[in-house]
1. Scan segment 41-81 for residues that are polar (S, T, N, Q) and either assigned to a strand (DSSP E or B) or surrounded by fewer than 11 Cβ atoms within 10 Å (Cβ to Cβ) (or both) and jot them down.
2. So for segment 9-23 (the condition being touching a residue at least 12 places away in the same chain (Cβ under 8 Å), touching a strand residue (DSSP E or B) at 6+ places or on another chain (Cβ under 6 Å), surrounded by 12 or more Cβ atoms within 10 Å (Cβ to Cβ) and not acidic (Asp, Glu)), does at least one residue qualify?
3. Scanning segment 170-192 for residues that are open to solvent by less than 20 Å² (accessible area, probe 1.4 Å), in contact with a Pro (Cβ under 9 Å, 6 or more places away or on another chain) and part of a strand (DSSP E or B), which turns out farthest from Gln88 (Cα to Cα)?
4. Does any residue in segment 56-84 that is at pLDDT 90 or above come within less than 6 Å, Cβ to Cβ, of a residue that is assigned to a loop (DSSP other than H, G, I, E, B) and open to solvent by 90 Å² or more (accessible area, probe 1.4 Å) six or more places away or on a different chain, and which pairs are these?
5. Give the residue that is nearest to the chain's Cα centre (by Cα), with candidates limited to residues of segment 109-160 that are among the charged types (D, E, K, R) and in a loop (DSSP other than H, G, I, E, B).
6. Taking the residues in segment 82-97 that are in contact with a Phe, Trp or Tyr (Cβ under 7 Å, 6 or more places away or on another chain) and outside any strand (DSSP E or B) as candidates, determine which candidate is surrounded by the fewest Cβ atoms within 10 Å (Cβ to Cβ).
7. So in segment 150-165, with the set limited to residues that are more than 15 Å from Trp112 (Cβ to Cβ) and in contact (Cβ under 8 Å) with a residue 12 or more places away in the chain, which one is surrounded by the fewest Cβ atoms within 10 Å (Cβ to Cβ)?
8. Just one of (1) open to solvent by 40 Å² or more (accessible area, probe 1.4 Å); (2) under 23 Å from Val38 (Cα atoms); (3) modelled with pLDDT of 90 or more trips up Ala100, so point out which.
Amino acid sequence: GVLFAVPFDPERVQAVGQAVPVLDRVAQALTASNDADVTGAGQFAVADTGALAWVPGGFVPYQAGKLVTVDRRGQVTPLGASVQAYAQPVRVSPDGRRLAVTLRGLTENGLWIYDMGRTSLSPLAGGGEAGSHTWSRDGRRLVFNWLADGQPSLVEKPADADSATPPQVVVPGRPLNPTSITPDGRHVAALDGGDIVAV
């Protein structure tokens, strides 16, 4: 949240001199309900006259919440998972015993598995940013979009795999949002921008 300034030589197109702090607590786009808005950009602008405008503040942390079930009568029952910054959507496994959830943070959006019988929350994929995800029909694997090292991919991973095991890339270089898997497990339906594709 600290805004710096540095002398700049436009003829040579390079910085000349040391960067110095100018302003503290400038808001940054580090969290948002829409992942496309998480740019990290400082919320400031400089006019042609040299006037500086900014949004004061640091960053707004992701809101923490509880995992709950809601029955057909509207009865809300909290699950045993700890209060965390859960992201939408939360997907229930085909057997109804596990949840696939994304935990949001400033450095990663990890994919986690919550076992409702054991009331345990375990990481499935970390070290990157997991987004939309869907279970296979047999509940043995998850397909999800994944951003790692700046590269988007559609990936899959066994639901009981160790978190250190990297996901297997299904479609590299495309930010596809999976919605379902065919019954035979051979194809994934996914959103590609405004289109629905099968891969």
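1. In the first step, residues of segment 41-81 are kept if they are polar (S, T, N, Q); the result is 43, 49, 63, 69, 75, 77.
Thr49, Gln63, Thr69, Gln75, Thr77, listed by residue number.
2. Checked segment 9-23: at least one residue is touching a residue at least 12 places away in the same chain (Cβ under 8 Å), touching a strand residue (DSSP E or B) at 6+ places or on another chain (Cβ under 6 Å), surrounded by 12 or more Cβ atoms within 10 Å (Cβ to Cβ) and not acidic (Asp, Glu).
3. Val188
4. Between residues of segment 56-84 that are at pLDDT 90 or above and residues that are assigned to a loop (DSSP other than H, G, I, E, B) and open to solvent by 90 Å² or more (accessible area, probe 1.4 Å), the close pairs are Pro56/Arg25; Pro78/Lys66; Val83/Lys66.
5. Applying the filter and picking the extreme gives Asp149.
6. So, considering only residues that are in contact with a Phe, Trp or Tyr (Cβ under 7 Å, 6 or more places away or on another chain) and outside any strand (DSSP E or B), the one surrounded by the fewest Cβ atoms within 10 Å (Cβ to Cβ) is Pro94.
7. Going through the qualifying residues, I end up with Gln151.
8. Result: Ala100 passes all but (1).
The values are calculated or read from the model by the stated rules, or taken from the named source; none is laboratory data. Given the structure is predicted, the values throughout are model-derived calculations rather than measurements. When we count neighbours, we look across all protein chains shown, and the Cβ atoms used for this are built from the backbone with ideal geometry, even at glycine. Just so you know, the surface numbers come from the protein's heavy atoms only, side chains and all, with ligands and any DNA or RNA stripped out. Shrake-Rupley method; radii C 1.70, N 1.55, O 1.52, S 1.80 Å.
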